[in-house]
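Novice: One structure, pasted below without further comment.
Every number here is computed from the coordinates shown, using simple stated rules; none is lab data. Keep in mind that this is a model prediction, so the values were computed, not measured. Don't worry about glycine lacking a Cβ; one is built from the backbone with ideal geometry, like all the others, and counts go over all protein chains shown.
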Amino acid sequence: MKGLLVLLMCTVAFAAVAKKERVLDQKLSDKEPGSPDYDHEAFLGKDQAEEHDELPEEESKRRLGIIVDQVDKDGDQNITEQELVDWIKFTQKRYIREDSKKQFLQHDTNKDGKIEWEEYKETTYGFMEEQANQDEDDSFSYKKMIDRDHKRFQAADGDKNGNCNEEEFRAFLHPEEYDHMKDIVTKETMDDIDKNSDGFVDLKEYIGDMISEDESEGEKPDWVVVEEQQFNEHRDKDKDGKLNLEEVRDWIMPSDYDHAVAEAKHLVHESDDDKDGSLSKEEILAHHDKFVGSQATDWGEALKRHDEF
């Protein structure tokens, strides 16, 4: 019974993720854009924003000064917008690198520096298999999850040697970060939403993926009207009433907006006192609350590892 409960929970979680998180839009923070909390997470990274060190203002500024030196790659004492973009992208990817490494070590059960498919399957789904095979519906859900993961695992296995090294496993866990993985993510989305299996996503399927059965009855909520407009005016680029694979890809992985660039422009605009288009160390320290906050500063493990602090 316990195994069945776990399987059902995983199946529900699988469906929820598939339904609610279609757009792989790499936002810098879940906080409100333009707010200090958003700026802090964007500059320091989501992973470090999970931990808060209470620091006096002077200590906060001192540590920020050390970070500024790291951002200033060419050492010219002038932080350009591009240097800020590069830093923001670095901090945002730090969590992905560290999380992937932890998961790699957990799944590499024989500690040979690579993960075989069967090795991953056993550590992830092995405890479900016996219980799932006893019930046809549960078995279907179980096999669907396994099949999806297997296809993604094969796509991540770049050298096609049947296993994933640490970099390939990172592509498996975070396919949105890798261009060669975007096709498999698009196909996964299509498989989820294309209920009539015609190879397209029509408006009914598009809305049905977002709305519960209870919400589908009665008057349309305002957000549904907005989504229908989005579908007709922006998603369906060739205006044939349905989304093909390329249109689905453009929807879930938009390429026309870069959050790191937008945040860098925002930070420069807010802190560039002399309006020369870049930031000096003094300007950043003068506006330290924009970057790290004045009292509660998000530093996390990475700062604790730096002896220079």
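Novice: Considering all projection directions equally, how large on average is the shadow of the alpha-carbon convex hull of region 168-275, in square nanometres?
Specialist: So the mean shadow area of the Cα hull is 10.7 nm².
Novice: With a ≥ b ≥ c the root eigenvalues of the C-alpha gyration tensor of region 136-195, is it rounded (a/c under 1.5), prolate (a/b larger than b/c) or oblate?
Specialist: oblate
Novice: Another question about this same structure. So what is log10(I(q)/I(0)) for region 221-282 at q = 0.28 1/Å, when the Debye sum runs over its Cα atoms only?
Specialist: These q points yield log10 I(q)/I(0) values of -1.12.
Novice: Moving to a separate point now. Using the structure shown, list the pairs from LYS182/LYS242; LYS102/LYS290; LYS121/LYS187; LYS220/LYS265 with a Cα-Cα distance above 29 Å, or answer none.
Specialist: LYS102/LYS290; LYS220/LYS265
Novice: Enumerate by residue number the trypsin sites (Lys or Arg not before Pro) in region 85-122 meeting two conditions: DSSP loop (anything except H, G, I, E, B), and at most 10 other Cβ atoms within 10 Å of the site's Cβ.
Specialist: LYS111
Novice: Taking region 216-262, which trypsin sites (Lys or Arg not before Pro) meet the DSSP loop condition and have no more than 16 other C-beta atoms within 10 Å?
Specialist: LYS237, LYS239
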